[in-house]
């Protein structure tokens, strides 16, 4: 894995760190490939119970590395490139967002600084967002004459509604931490110097929890977003039967009856 993305697995918690601090964690090709592969590794590894995604330095992720991008665009136009520069959406951004949103375990985004463009999209795709009081969000796509990618057209309107999402996409601007909390983008805002500790605590609590139940909750929410109530009820029935047959459910019930703290296995 490239050193632009760091991966650590400790006691069930996979911490994935975007590590280009001098470039505000801008997404060049190496970083996108490494992030995609790290997320897929975490999704497939049964030892991973939860994921924490964070940036190093003063930014979470400012999105596409435009310095690299402009060179690739010029090469494509001259015919010396390898093809469409925008194939990065299908090759990198879509798999990254699918891995975050579809991962059968919870993903916490610790937004330590500016999250813009695809960087904002990755944070929006996470299940829980803890935001430093000095952080901000910006869709930024229209500012460089592009449309939404990295799932933002789907995630943002589900977080804040169609009208507000359209406003932020058509007229991109910085959204500070307090406004992000008020809009519903942030779940929690904490002092910047406490972010790493608070986010790790939340992610570790999830890693110690009933992972299979969390996976079912994620699946039910994603399904219900695009189906009728009747279909959602049927999906809930299916998923609840699965959860009810899990080891963790039996552990939780026994612990409750015996007034003990459950120790979940993730199965």
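Filter the stretch 158-194 for residues that are assigned to a helix (DSSP H, G or I) and over 16 Å from residue 131 (Cα atoms) and give the result. Quick ask: steps written out before the conclusion?
The initial filter retains those residues of the stretch 158-194 that are assigned to a helix (DSSP H, G or I), namely 158-160, 162-170, 177-183, 192-194.
Correct list: 158, 160, 162, 163, 164, 165, 166, 167, 168, 169, 170.
Of the residues 181, 169, only one is in contact with a strand residue (DSSP E or B) (Cβ under 8 Å, 6 or more places away or on another chain) and at pLDDT 95 or above; which? Don't jump to the end; show me each part of the working.
Values: 169 fails: in contact with a strand residue (DSSP E or B) (Cβ under 8 Å, 6 or more places away or on another chain).
The unique qualifying residue is 181.
For the structure I just gave you, tell me whether residue 174 is touching a residue at least 24 places away in the same chain (Cβ under 8 Å) and within 25 Å of residue 215 (Cβ to Cβ).
On the way: touching a residue at least 24 places away in the same chain (Cβ under 8 Å): yes; within 25 Å of residue 215 (Cβ to Cβ): no.
When the stated conditions are applied, residue 174 does not pass them.
Could you check residue 42 against (1) closer than 20 Å to residue 91 by Cα; (2) out of contact with any strand residue (DSSP E or B) (no Cβ under 8 Å at 6 or more places or on another chain) and say which number it fails?
In the conditions (1) closer than 20 Å to residue 91 by Cα; (2) out of contact with any strand residue (DSSP E or B) (no Cβ under 8 Å at 6 or more places or on another chain), residue 42 misses (2) alone.
On the given criteria, is residue 221 in the same structural domain as residue 132 (by TED's automatic domain parsing), under 28 Å from residue 60 (Cβ atoms) and surrounded by 13 or more Cβ atoms within 10 Å (Cβ to Cβ)?
Answer is no for this residue.
Got a number for residues in the stretch 24-41 being part of a helix (DSSP H, G or I) and out of contact with any helix residue (DSSP H, G or I) (no Cβ under 8 Å at 6 or more places or on another chain)?
Total satisfying the criteria: 6.
Quick one: which of 148, 212, 234, 252 is surrounded by 18 or more Cβ atoms within 10 Å (Cβ to Cβ), out of contact with any strand residue (DSSP E or B) (no Cβ under 7 Å at 6 or more places or on another chain) and farther than 29 Å from residue 90 by Cβ? I'd like the intermediate steps shown before the answer.
On the way: 148 fails: farther than 29 Å from residue 90 by Cβ; 234 fails: surrounded by 18 or more Cβ atoms within 10 Å (Cβ to Cβ); 252 fails: surrounded by 18 or more Cβ atoms within 10 Å (Cβ to Cβ).
Matching residue, one of 148, 212, 234, 252: 212.
Test each condition in (1) closer than 17 Å to residue 102 by Cβ; (2) at pLDDT 95 or above; (3) crowded, with 17+ Cβ neighbours inside 10 Å for residue 200 and report the one that comes out false.
Answer for residue 200: the failing condition is (1).
Looking at the stretch 46-59, is at least one residue part of a helix (DSSP H, G or I), within 22 Å of residue 137 (Cβ to Cβ) and touching a residue at least 40 places away in the same chain (Cβ under 8 Å)?
Initial filter on the stretch 46-59 (part of a helix (DSSP H, G or I)): none.
No, that holds for no residue.
The values are calculated or read from the model by the stated rules, or taken from the named source; none is laboratory data. It should be emphasised that the depicted structure is a prediction, and the values quoted were computed from it without experimental measurement. Here the Cβ is made from the backbone with ideal geometry for all residues, glycine too, and neighbour counts use every protein chain on show.
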